[in-house]
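Please read the structure below before turning to the comments.
The values are calculated or read from the model by the stated rules, or taken from the named source; none is laboratory data. Being a predicted model, the structure only gives us computed values, none of them experimental. Here Cβ is always computed from backbone atoms with ideal geometry, including for glycine, and neighbour counts include all displayed protein chains. Protein only, heavy atoms only, side chains kept; ligands, DNA and RNA dropped before computing areas. Shrake-Rupley method; radii C 1.70, N 1.55, O 1.52, S 1.80 Å.
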Amino acid sequence: MASGVSVCRIIKMSAQPTKMVRAKEWSDDVEEAYRFQLAGYRDAQDYTVCTKEEATRWPHNGYIKKLIRKDGCWYYFNKNRECPDKDVPKCKLYSY
């Protein structure tokens with residue numbers, strides 16, 4: 001764009017969540033949030049808007065397998081839980 005404002009940033013301004021809460025205990029939703037937020041995204045919606053693609057997932061449980069970070073590098077995740085208990089309260093869960 002000529003103005004220097006990325007498409008991702010323009011779209012993100014119009015797709016803001018209405019509510020955010022911190023996770024209190026681990027769940028599949030917290031695992032999902034942890035993986036997206038580790039890669040620099042708010043959630044699946046933010047990832048899809050910014051990258052124009054869906055996250056790659058493990059077929060047996062649906063957990064995220066890999067994500068492209070905003071700097072162009074990749075995060076690869078294991079098949080099982082990766083969010084440690086100490087990081088659960090850091091995860092932000094958004095509502096739209």
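Assorted remarks:
- Under 20 Å from the N61 label point (7 Å along Cα→beta-carbon), backbone N, segment 18-38: 23-38
- With protein chains left intact and a 1.4 Å probe, residues in the chain average 65 Å² of accessible area per residue.
- Lysine pairs meeting the criterion (Cα under 16 Å, 8 or more apart or interchain), as found in the chain: 11
- Considering every alpha-carbon pair of the chain, the percent of pairs per 5 Å bin, from zero through the bin containing the longest distance, is 2, 13, 22, 24, 20, 11, 5, 2, 1.
- Between D87 and W26, the contour length at 0.36 nm per residue exceeds the alpha carbon distance by 21.0 nm.
- Element breakdown for the chain at a 1.4 angstrom probe: carbon and sulfur atoms account for 53% of the accessible area.
- Placing D28, D46 in order of accessible area, with the largest value first and a 1.4 Å probe, yields D28, D46.
- Using heavy atoms of the protein chains and a probe of 1.4 Å, the accessible area assigned to R42 is about 30 Å².
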